[in-house]
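What follows is a set of notes on a single structure, which appears directly below.
The values are calculated or read from the model by the stated rules, or taken from the named source; none is laboratory data. The structure displayed is predicted, hence computed values, not measured ones. Cβ atoms come from the backbone with ideal geometry, glycine included; neighbour counts cover every protein chain shown.
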Amino acid sequence: MKTQAPGVVPPGLSTGALSPSSTWTRGPIVDAGAAGRIGGVSDLLCPPIGGECFLSFPISCGSLCLKHQTEGAFIGSGGTPFRKSFEQGGTALKKSIVLYGSTTGATKAVAETIAEALQIPVVDVAQCDVKDLESYEALLLGSSTWGFGELQDDWAAFLPAFEKLSLKGKKVALFGTGDQVGFSDTFVDALGILYDAAVKAGAEVVGSCPVDGYEGRGLSVRDGSFVGLPLDDNNQSEATAERVKGWIERLRSEL
Ligand SMILES: Cc1cc2nc3c(=O)[nH]c(=O)nc-3n(C[C@H](O)[C@H](O)[C@H](O)COP(=O)(O)O)c2cc1C
């Protein structure tokens with residue numbers, strides 16, 4: 001860790017109930033990925049240590065860490081408080097990767113958005129060596145659905161190798177794009193296929209979504225919820241950005 005000279009909270013950032021100038025000092029610069037990312041723009045780096053808490057947020061020149069002497073302090077951006085993350089003890093995001101299959105680019109675009117927001121690698125399943133997945137603690141799997149309820153082609157080719165993995169102790173989150181009007185009975189069925197494969201391999205699947213707001217149903221609905229994040233750029237493109245954003249925020253606490 002490198003340490004910086006004392007400073008103040010950069011302008012434009014809210015420190016909640018705390019004064020940005022009187023009590024905050026600029027702390028060490030930390031590799032945010034190594035320290036763990038928790039929520040929104042700000043990242044809580046670790047739980048209180050010796051009565052201090054350490055918080056960071058990405059800014060254009062990197063990740064700046066602020067140190068405050070008061071337990072329970074929080075910092076946020078855009079009005080989002082991070083006290084909740086703080087109270088949860090600052091769990092770091094597991095070592096995660098996004099793996100996607102996409103034929104016309106819709107799922108690829110979502111995969112890249114998710115990977116960028118979580119600052120984790122993203123790989124096209126068509127280019128993936130299954131051995132490369134073993135070192136990850138969490139896999140975010142994306143696939144579109146083709147035919148009538150079939151996995152995207154590259155995913156279909158990869159599935160036999162994927163099914164041989166042991167995913168015991170690992171977490172899996174699923175997302176996918178589909179068309180709930182043209183294919184109302186097989187809407188995002190790929191999520192259901194990947195869900196079954198992940199559960200069979202011993203993974204814990206997180207990131208389910210309520211069915212509210214969707215007309216399509218199919219294999220991806222279990223116990224009244226989608227097993228992952230369903231997206232429909234064919235009919236509800238205006239909802240995609242918000243759905244992705246909300247899902248990412250929930251995932252941060254589930255991964
Ligand atoms: C021939 C064809 C079959 C499709 N079958 C389904 C389907 O069964 N279920 C579904 O939800 N979407 C289905 N879709 C819609 C695609 O999954 C959707 O357009 C998706 O966003 C494509 O994503 P990609 O570009 O990442 O492959 C189908 C589309 C086509 C053209």
For VAL123, are the conditions met, namely being surrounded by fewer than 18 Cβ atoms within 10 Å (Cβ to Cβ) and in a strand (DSSP E or B)? yes
When region 177-206 is checked residue by residue, the ones that are under 20 Å from LYS94 (Cβ atoms) and either touching an Asp or Glu at 6+ places or on another chain (Cβ under 6 Å) or not assigned by TED's automatic domain parsing to the domain that holds VAL110 (or both) are ALA197, VAL206
With the requirement that a residue be among the charged types (D, E, K, R) and either near the ligand (Cβ under 8 Å from one of its atoms) or in contact with a Lys or Arg (Cβ under 6 Å, 6 or more places away or on another chain) (or both), what does region 188-211 give you? ASP189, GLU204
Restricted to region 99-115, and to residues that are assigned to a helix (DSSP H, G or I), near the ligand (Cβ under 7 Å from one of its atoms) and in contact (Cβ under 8 Å) with a residue 40 or more places away in the chain, which residue is farthest from the chain's Cα centre (by Cα)? ALA106
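If you scan region 140-184, which residues turn out to be part of a strand (DSSP E or B) and more than 23 Å from ASN234 (Cα to Cα)?
Hits for region 140-184 are LYS171, VAL172.
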Here are some conditions: (1) exposed (fewer than 14 other Cβ atoms within 10 Å of the Cβ); (2) out of contact with any Lys or Arg (no Cβ under 9 Å at 6 or more places or on another chain). ASP185 meets all but one. Which one does it not meet? (2)
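The rows are residues; the columns are (1) under 17 Å from PRO230 (Cα atoms); (2) at pLDDT 95 or above.
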{"position": "GLY89", "(1), (2)": "no, no"}
{"position": "GLY105", "(1), (2)": "yes, yes"}
{"position": "LYS108", "(1), (2)": "yes, yes"}
{"position": "VAL125", "(1), (2)": "no, yes"}
{"position": "LEU140", "(1), (2)": "yes, yes"}
THR186: passes all of (1) within 22 Å of the chain's Cα centre (by Cα); (2) modelled with pLDDT of 95 or more but (1)
Out of all the residues in region 203-251, which are at positive phi and among the small types (Gly, Ala, Ser)? GLY207, GLY213, GLY218, GLY224
Of the residues in region 185-201, those that are part of a helix (DSSP H, G or I), touching a Leu at 6+ places or on another chain (Cβ under 8 Å) and closer than 22 Å to GLU254 by Cα number 8
